[in-house]
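Report on one structure; see the data block that follows.
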Amino acid sequence: MSLFHDYPLGLFNNVQYRTQTFALQPGDRLVLVSDGVLEATDPQDNPFGTERLADIVAATVGEQTTEVVRRITGAVLDHRQIELRDDATVVCVDWRGE
């Protein structure tokens with residue numbers, strides 16, 4: 001799993017973003033999340049984090065993209081246990097080729 005971080009889109013003026021290139025093969029899955037997912041904390045202030053996200057993505061191999069998004073958002077809400085403090089965005093795309 002690769003992680004790339006950059007400034008949030010539209011938040012700052014005159015920001016230069018890095019171009020990031022991916023070589024996707026048929027059957028690859030691309031999962032994009034906002035910081036609100038990774039930084040969502042539980043009542044003891046432990047963040048949701050990348051390891052928990054990676055575990056969910058690995059556990060959903062073969063599942064439909066909608067199920068992956070449902071599982072990730074459900075896990076974030078369960079981890080947080082109360083209303084989120086930040087927006088949380090999850091996008092899942094399966095690459096079929098070409």
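The values are calculated or read from the model by the stated rules, or taken from the named source; none is laboratory data. Since the model is a prediction, treat every value here as computed from it, not as a measurement. Don't worry about glycine lacking a Cβ; one is built from the backbone with ideal geometry, like all the others, and counts go over all protein chains shown. Surface areas here come from the heavy atoms of the whole protein model, side chains and all, with no ligands, DNA or RNA. Shrake-Rupley method; radii C 1.70, N 1.55, O 1.52, S 1.80 Å.
Worth pointing out:
- Once the Cα gyration tensor of the chain is diagonalised, semi-axes √(5λ) in Å: 23, 21, 11
- Each Lys and Arg Cβ is given +1 and each Asp and Glu Cβ -1; about its Cα centre, the chain then shows a dipole of about 200 debye.
- For the chain, applying the loop criterion from DSSP together with a ceiling of 13 other beta carbons within 10 Å to the trypsin sites (Lys or Arg not before Pro) yields 18, 85, 96.
- Carbon + sulfur, % of accessible area of the chain - ligands and nucleic acids excluded, 1.4 Å: 50
- Calculated [θ] (222 nm, deg cm²/dmol) that DSSP helices of n ≥ 4 give over the chain, each run adding -39,500 (n - 2.57): -9500 deg cm²/dmol
- Column: log10 I(q)/I(0), Debye, Cα scatterers of the stretch 15-56, q = 0.19 Å⁻¹: -0.78
- Heavy-atom accessible area per residue - the chain, 1.4 Å, Å²: 75
- The alpha carbon convex hull volume per residue for the stretch 49-98 rounds to 92 Å³.
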